[in-house]
1. Any idea how many residues of region 157-181 are part of a helix (DSSP H, G or I) and in contact (Cβ under 8 Å) with a residue 12 or more places away in the chain?
2. Under 16 Å from residue 94 (Cβ atoms), crowded, with 16+ Cβ neighbours inside 10 Å, touching a helix residue (DSSP H, G or I) at 6+ places or on another chain (Cβ under 8 Å) and touching a residue at least 60 places away in the same chain (Cβ under 8 Å), is that true of residue 184?
3. Of the conditions (1) under 18 Å from residue 244 (Cβ atoms); (2) under 26 Å from the mean Cα position of the chain (by Cα); (3) surrounded by fewer than 21 Cβ atoms within 10 Å (Cβ to Cβ), residue 162 clears all except one; give me its number.
4. Taking into account only those residues within region 257-280 that are more than 17 Å from the chain's Cα centre (by Cα) and assigned to a helix (DSSP H, G or I), which is surrounded by the fewest Cβ atoms within 10 Å (Cβ to Cβ)?
5. Which of the residues spanning region 240-254 are in contact with a helix residue (DSSP H, G or I) (Cβ under 8 Å, 6 or more places away or on another chain) and part of a helix (DSSP H, G or I)?
6. Please give the number of the condition residue 118 fails out of (1) more than 15 Å from the chain's Cα centre (by Cα); (2) buried (at least 21 other Cβ atoms within 10 Å of the Cβ); (3) in a helix (DSSP H, G or I).
7. Would you be able to tell me the number of residues in region 222-251 that are more than 20 Å from residue 88 (Cβ to Cβ), modelled with pLDDT under 90 and surrounded by 13 or more Cβ atoms within 10 Å (Cβ to Cβ)?
8. Return the residue satisfying two criteria in turn: it lies in region 41-59 and is under 14 Å from residue 131 (Cβ atoms) and without any contact (Cβ under 8 Å) to a residue 24 or more places away in the chain, and of such residues it is surrounded by the most Cβ atoms within 10 Å (Cβ to Cβ).
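The values are calculated or read from the model by the stated rules, or taken from the named source; none is laboratory data. This structure is a prediction, so every number in the text was calculated from the model and none was measured. Here the Cβ positions follow ideal geometry from the backbone for every residue, glycine too, while neighbour counts run over all protein chains shown.
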């Protein structure tokens, strides 16, 4: 038997690398990034409480508006039926969701944690997708549950003169499901704006302007241009989807769905390009 020389030992080690060397460097996948963002979401109390508050507020205001129906025409005097009264709290819920979305992104930029996150993830767009999936999914589910609660609780206390609808009537189930879809869309728009401006305060201001101020401003534009702009702002498109009674000032549900999807996809696409090309 020949003795093993140092060169022989080295050659054998190179030819048969240790098992530990083969197992180092587990790849970062979209799934692992999404799980990490889910942990971030549920571990911060304000996120959990805020999403729950958006859903609970929708139910409580829906019951209040429905109970006051005999003496009040609902939020802003625009209610057309029992369903629009039950969903009267949507305006408050969308503000809560928008603020939470801005915080979910902007707080990481403010603390510098986003640099660590980008450093650990090879592709920055994975972080954008993960935040969109986690926050949009959680918000959409919570708002959908709140919509069903608001509808059934509001219907139980409603005694007004406006048309009353049950869940089996045409367009009612679509309207209830649309509340959850619209909540998810607001969340995704907030995520996109947060990545674009990288500032919580600025993102909140832009979201408030887009969701609350823009419908009032475009309504001042005269002629058909003003009418078109009024119909395609996100909040009015969402209202069209959540409405059972058709209104001339709003789109029909299917075009409204296309408008909302265009807003979400367009802003997320711009945010993705910006995240890839800009320094953290």
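1. Kept after step one, since they are part of a helix (DSSP H, G or I), are these residues of region 157-181: 157, 172-181.
Filter again for in contact (Cβ under 8 Å) with a residue 12 or more places away in the chain, leaving 157, 172, 174-181.
Number of matching residues: 10.
2. Details: under 16 Å from residue 94 (Cβ atoms): yes; crowded, with 16+ Cβ neighbours inside 10 Å: yes; touching a helix residue (DSSP H, G or I) at 6+ places or on another chain (Cβ under 8 Å): yes; touching a residue at least 60 places away in the same chain (Cβ under 8 Å): no.
In short, no.
3. (2)
4. 277
5. 240, 241, 242, 253
6. Just one mismatch for residue 118, condition (2).
7. 1
8. The qualifying residue surrounded by the most Cβ atoms within 10 Å (Cβ to Cβ) is 44.
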